[in-house]
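The structure appears below as structure tokens.
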Amino acid sequence: MRLYPDPPLQRLGLIARDLAVVLGLALFAKIGLEVHDAVDKLAVLGEGVESAGGAVTGGFESAAEALDGAPFVGDDIGDALRGAGEGSGGEVQDLGRGGAGAAHDLADLLGLVVFGLPAALLLLWAVPPRVRQVRRLNAAARV
């Protein structure tokens with residue numbers, strides 16, 4: 001199978017064009033990764049919210065432990081504080097986890113789109129004429 005014509009100048013031109021397409025794809029991949037990494041850093045906001053929820057839950061748990069064993073109502077108040085901590089801090093933790101997950105998903109999607117669209121356009125521009133040319137070269141070689 002012949003991929004390039006015999007005349008050196010034509011061969012060099014096609015090799016340069018093929019190399020430019022490969023370099024373009026590499027550039028689009030690099031840009032897509034940069035976009036992914038930049039957007040992925042937004043997940044720190046969700047992780048911070050999750051951490052704050054954990055701190056709230058931990059604070060209520062500490063207060064509950066301090067009251068546990070107190071005469072008459074200590075255990076009841078401790079259980080109520082634990083429930084309040086789980087109700088408030090636990091929900092905040094869940095929201096933070098969801099926000100971080102959404103940021104990661106958005107980073108994946110944007111990175112893929114920033115790479116995929118220009119890469120697809122480049123390949124649609126470069127590959128069909130190249131395939132036709134290879135077919136012509138191979139058909140001419142058979143004659």
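Laboratory data are not the source of any read-out in this text; all were calculated from the coordinates shown. The structure presented is a predicted model; accordingly, all values stated were derived computationally and were not measured. Cβ coordinates were reconstructed from backbone atoms using ideal geometry, including for glycine residues, and neighbour counts include every protein chain displayed.
See the values below:
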quantity: 10 Å-binned pair-distance histogram of region 1-80 (Cα, whole percent); calculated: 15, 17, 13, 12, 11, 10, 8, 7, 6, 2
quantity: Residue-count net charge about ALA64 - beta-carbon cut-off 10 Å; Lys, Arg +1, Asp, Glu -1; calculated: -4
quantity: Helix 8-40 vs. the chain, principal-axis angle (Cα, 0 to 90°, nearest 10); calculated: 10 degrees
quantity: When the chain is reduced to its Cα atoms, the Kirkwood hydrodynamic radius in Å; calculated: 20.2 Å
quantity: Cα point-scatterer Debye curve for region 61-119, base-10 log of I(q)/I(0) at q = 0.18, 0.20, 0.21, 0.31 Å⁻¹; calculated: -0.69, -0.75, -0.78, -1.06
quantity: Helix-only [θ]222 nm of the chain, DSSP H runs n ≥ 4, -39500 (n - 2.57) each, per residue, nearest 500; calculated: -33000 deg cm²/dmol
quantity: Cα centre as origin, Lys/Arg/Asp/Glu Cβ charges: region 17-143 dipole, Debye; calculated: 2280 debye
quantity: Inter-label distance for ILE77 and ALA26, nm, one decimal - labels placed 7 Å from Cα along Cα-to-Cβ; calculated: 6.9 nm
